[in-house]
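Below is one structure, written out as structure tokens; the observations come after it.
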Amino acid sequence: VNLTLYKNAEEASIYTANTIAALISRKQKEGKHAVLGLATGNTPKRVYQELIRMHNDEGLSFQNVISFNLDEYFPINAGDSQSYTYFMEQNLFAHVDIKSSNIHIPHVDGSSTDISKYCNEYEEKIASYGGLDLQLLGIGRNGHIGFNEPRSSFDSITRLVNLHPVTREDAKSDFGTLENVPQQAISMGINTILQAKKILLLALGQRKSEIINKAIYGAVSIDTPASILQSLPQVEYILDSDAAALIQ
Ligand code: F6R
């Protein structure tokens, strides 16, 4: 298991940002795109802040970045403050020089869209860029990665999913009430994630300690979706000491 342990969330976040920035810069020198799979939620916020700082202070350019977000609620208006489209704009995209045409978020407008066709096209778009160079992941308290909830197939690809009660409960503070939390989302699948050339799983804070221990050292099972990552050489776990508290 490739596990890097940092004393606090700050150091873990800076290390993660540096890893992403190094990939972007290396690809830029090679005249290539950097194809990034991005996550939302609390965990990557500080990472994105640091990437913005590097853009402002150190000339890190996102001109060559192609981004694909893991997931988006369904249904939701892109402009709603709880949407992941809005989150990414606020927390990263509005502050760097990424081309808007290079941004991909699995957001479906309205009812007229053929969702499964949309999802297949999302997969094809990732493939058309040669796949994800790097996927940044958080982990849900139920072991989800993206919105691949417990019992998701390890072969799953981008699709419409039902959100787990724990996931909806954790989203309650963003939406005000549980009833306001959407029942569904569109998420990359586990197989989509596993195709990435490099996977960084970032977990911060004591509330992730139990699931982190289970995901890394417990049984590989669809009951803990993140457990599929434990034997893969391209996966790096980046933990702060609180998230690592239960690891022996
Ligand atoms: C977000 C995502 C989720 C989160 C996970 C952890 O795009 O796909 O899997 O990474 O729910 O969320 P936080 O970071 O808010 O604890």
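The values are calculated or read from the model by the stated rules, or taken from the named source; none is laboratory data. These numbers come from a predicted model, not from an experiment. Using ideal geometry, Cβ is built from the backbone for each residue, glycine included, and neighbour counts are taken over all protein chains shown.
Values computed for the structure shown
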item	result
Positions within segment 195-248 being surrounded by fewer than 23 Cβ atoms within 10 Å (Cβ to Cβ) and hydroxyl-bearing (Ser, Thr, Tyr), in sequence order	Ser209, Tyr217, Ser221, Thr224, Ser227, Ser231, Ser241
Of the criteria (1) of a type outside the set (Val, Ile, Thr); (2) within 20 Å of Asn162 (Cβ to Cβ); (3) under 18 Å from the mean Cα position of the chain (by Cα); (4) part of a helix (DSSP H, G or I), which one Ser116 fails	(3)
Matching option when the condition is within 15 Å of the ligand (Cβ to nearest atom), touching a Cys at 6+ places or on another chain (Cβ under 8 Å) and touching a residue at least 12 places away in the same chain (Cβ under 8 Å), among Thr167, Thr158	Thr158
Matching residues, segment 15-30, being touching a residue at least 24 places away in the same chain (Cβ under 8 Å) and either closer than 15 Å to Leu137 by Cα or part of a loop (DSSP other than H, G, I, E, B) (or both)	Tyr15, Thr16, Ala17, Thr19, Ile20
Lone unmet requirement of (1) touching a His at 6+ places or on another chain (Cβ under 8 Å); (2) within 16 Å of Asn191 (Cα to Cα) for Leu136	(1)
Output for segment 218-236, where each listed residue is hydroxyl-bearing (Ser, Thr, Tyr), touching a residue at least 40 places away in the same chain (Cβ under 8 Å) and either in contact with a Leu (Cβ under 9 Å, 6 or more places away or on another chain) or outside any strand (DSSP E or B) (or both)	Ser227
So Ile76, is it surrounded by 19 or more Cβ atoms within 10 Å (Cβ to Cβ), within 15 Å of the ligand (Cβ to nearest atom) and within 24 Å of Lys125 (Cβ to Cβ)	yes
Subset of segment 80-118 (residues that are surrounded by fewer than 16 Cβ atoms within 10 Å (Cβ to Cβ) and of a type in the set (D, E, K, R))	Asp80, Asp97, Lys99, Asp109, Asp114, Lys117
Qualifying position, being closer than 30 Å to Glu30 by Cβ and surrounded by fewer than 16 Cβ atoms within 10 Å (Cβ to Cβ), among Gly130, Gly146	Gly130
Candidates Asn69, Asn77 - the one that is free of Cβ contacts under 8 Å to residues at least 40 places away in the same chain and touching a Pro at 6+ places or on another chain (Cβ under 9 Å)	Asn69
Which numbered condition Gln183 misses (of (1) buried (at least 23 other Cβ atoms within 10 Å of the Cβ); (2) farther than 22 Å from Ser13 by Cα)	(1)
Gly130 vs. criteria touching a helix residue (DSSP H, G or I) at 6+ places or on another chain (Cβ under 6 Å) and either on the phi > 0 side of the Ramachandran plot or modelled with pLDDT under 95 (or both)	no
Complete set of residues in segment 36-73 that are among the acidic types (Asp, Glu) and away from the ligand (no atom under 14 Å from the Cβ)	Glu50, Asp57, Glu58
Which numbered condition Thr16 misses (of (1) among the polar types (S, T, N, Q); (2) within 30 Å of Leu178 (Cβ to Cβ); (3) within 16 Å of the ligand (Cβ to nearest atom))	(2)
Conditions (1) within 13 Å of the ligand (Cβ to nearest atom); (2) touching a residue at least 60 places away in the same chain (Cβ under 8 Å); (3) in contact with an Asp or Glu (Cβ under 9 Å, 6 or more places away or on another chain); (4) farther than 19 Å from Ser209 by Cα: number failed by Gly143	(4)
